[in-house]
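Below is one structure, written out as structure tokens; the observations come after it.
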Amino acid sequence: MHEDLIRSAEEWRRDFHRHPELDFDVLRTAEKVAKYLVEFGCDRVESGIGRSGVVAVIHGRNPEKGPNIAIRADMDALPIVEESGVAYASTRKGLMHACGHDGHTAMLLGAAKALARDRKFRGSVVLVFQPAEEGGGGARAMIEDGLFDRFEIDEIYGLHNWPSLEIGRFMLSPGPVLMASDRFTVQVEGPGGHAARPHECADVVLAAIQLVSALHTIVPRNLNPSEQAVLSVTSIHGGDAFNVLPGSVMIRGTVRTLSPEARDICESRISELAEKVPQAFGAAGVVEYVRRYPPTINHPEQARILGDAASRVVGEQNVERNMKPLAASEDFSFFLQKKPGAFIFIGNGATPSLHHPRYDFNDEALPYGIALWRELVQGRE
């Protein structure tokens with residue numbers, strides 16, 4: 001691979017890292033991406049898809065005789081104060097690229113530059129630069145804005161870096177790779193009062209404590225042991241005085257599931273317990289359950305194709321083709337509900353975990369990501 005291409009990808013990545021942007025507000029990043037794609041000579045470049053996404057098309061030498069392959073990279077950052085200490089650290093206080101989307105974008109740009117220059121492939125490649133993966137549902141927004149209507153796409157592929165997986169290694173599965181991600185909120189309410197006279201009011205703090213314990217029985221006591229699921233209560237807020245029993249306590253948490261059945265059971269049981277447990281203490285529970293991202297489930301044939309491309313880059317011994325599903329989630333799942341495709345993980349080496357203040361995408365992974373996308377497209381002869 002040309003060293004100048006790797007150096008350029010590193011420069012792009014570090015520039016994106018210095019200027020992180022959140023959610024759909026990735027305007028600088030998107031503008032830079034679109035500018036580069038035009039400079040590379042892409043046949044079509046459109047911005048503003050799904051509010052701030054960028055999509056480009058590169059035709060191969062026989063565009064009418066080959067597959068139309070889409071490859072997605074996410075562009076958004078996170079509201080985290082960076083503690084990496086790198087020279088190119090975030091210049092925006094309270095924001096940082098703590099998940100490596102800067103690296104994902106740079107790798108796809110590198111592949112785009114090489115593919116537009118060489119065009120040694122049949123069909124066409126569609127480059128999808130997506131906003132708002134981190135909770136905003138940018139993939140869904142791009143679909144609703146006509147991504148699959150405005151661009152001819154037969155298959156779609158994506159990747160994510162994974163700390164602790166060695167540089168030069170990949171992992172994927174022919175089926176589920178990531179869990180669904182849901183959120184729930186329970187407001188436990190009742191007549192508060194003086195802490196010295198608890199018999200005259202409802203102790204919503206005690207009710208909330210009992211409810212948290214009950215919620216944590218849902219997975220082990222309501223789901224088949226073979227099901228993979230996680231339910232975690234992550235915050236409890238209520239009261240602000242030593243001598244007052246508050247009138248409300250807020251409980252929040254997350255649910256991760258693989259199957260639709262497990263997802264339905266968790267939602268149903270949360271609602272039932274939130275209603276009945278507080279009643280035993282003279283209180284009431286009001287539930288809000290939000291289904292966010294569905295599970296990310298690879299299509300077997302496309303997972304094989306992507307795994308084969310990875311194998312040609314790093315050797316079969318460095319590709320794990322039957323990884324166990326991770327409890328993380330991804331809105332790439334929305335794409336896979338619409339089109340055949342697959343999602344793969346690329347090694348980021350021994351770095352801090354994703355979403356950690358000291359995390360940084362490992363530039364040593366750039367050549368492998370660029371090579372993967374080039375091989376996926378050019379190896380389909």
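Per-residue Karplus couplings for region 265-273, computed as 6.51 cos²θ - 1.76 cosθ + 1.60 with θ equal to phi - 60°, are listed in order as 5, 4, 4, 5, 5, 4, 5, 5, 5 Hz, Gly and Pro entered as x. First select every other residue whose beta carbon is under 12 angstrom from the beta carbon of ILE167; then total the charges, Lys and Arg +1, Asp and Glu -1. Residues near ILE167 contribute -2 overall. Partner aspartates and glutamates whose Cα lies under 20 Å from the Cα of LYS93, excluding those fewer than 8 positions away in the same chain, are identified as ASP15, GLU21, ASP23, ASP25, ASP76, GLU82, GLU83, ASP102, GLU134, ASP360.
For a straight C-alpha distance cut-off of 14 angstrom, the aspartates and glutamates reachable from LYS324 (same-chain residues fewer than eight places away being disregarded) are GLU227.
3J(HN,Hα) along region 371-379, derived from phi through the Karplus expression 6.51 cos²θ - 1.76 cosθ + 1.60 where θ = phi - 60°, amounts to 5, 4, 5, 5, 5, 4, 7, 7, x Hz, with x in place of Gly and Pro. Near ALA70, the amide H atoms lying under 5 Å from its own belong to VAL126, ASP154, GLU155, ILE156, TYR157; only residues 5 or more places off or on other chains count, and H is placed 1.01 Å from N.
Across the chain, C-alpha contacts under 8 Å between residues 6 or more apart give a mean separation that, scaled by the residue count, equals a relative contact order of 24 percent.
Rounded to 0.05, the FRET efficiency of the GLU364 and HIS237 pair, given R0 = 35 Å and the Cβ-Cβ distance, is 0.25.
Running a GNM on the chain with Cα contacts under 10 Å, which residue among ALA284, ALA34, ALA112 ends up with the highest mean-square fluctuation? Largest GNM mean-square fluctuation: ALA284.
When the convex hull of the C-alpha atoms of region 180-293 is computed, what volume per residue in Å³ does it have?
Numbers: hull volume 9.4 nm³, N = 114.
About 82 Å³ per residue, rounded to a whole number.
Straight-line cross-link reach from LYS113 at under 26 Å between alpha-carbon atoms covers these lysines, not counting any fewer than eight positions away in the same chain: LYS32, LYS35, LYS65, LYS339.
Considering only C-alpha atoms, what is the centroid distance from region 226-278 to region 110-174, in Å? First find each Cα centre; the distance between them is then 35 Å.
Taking only the C-alpha atoms of region 187-240, Rg followed by Dmax gives 15.2, 48 Å. Taking amide H as placed 1.01 Å from N in the peptide plane, the amide H of GLY50 sits under 5 Å from that of ASP145, each at least 5 places away or on another chain.
Just one of (1) 29, 56, 15, 0; (2) 27, 50, 20, 3, 0; (3) 27, 54, 18, 1, 0 is P(r) over Cα pairs in 20 Å bins from 0, in percent as worked out from the coordinates here. Which one is it? Correct label, based on the coordinates given: (2). Each peptide among 232-238, 300-306 gets the average number of other Cβ atoms lying within 10 Å of its residues, and from highest to lowest they stand as 300-306, 232-238. Normalised size of region 294-381, defined as Cα radius of gyration per 2.2 N^0.38 Å with N residues, equals 1.16. Please give, to one decimal in nm, the separation of the simple spin-label points placed at VAL290 and VAL244, each 7 Å out from Cα toward the Cβ. Placing both labels 7 Å beyond Cα along the Cβ direction yields 2.8 nm.
None of the figures in this text is laboratory data; all of them are computed from the coordinates on show. For clarity, every value in this text was computed on a predicted model and none was experimentally measured. In this analysis, Cβ positions are derived from the backbone assuming ideal geometry, glycine residues included, and neighbour counts consider all displayed protein chains.
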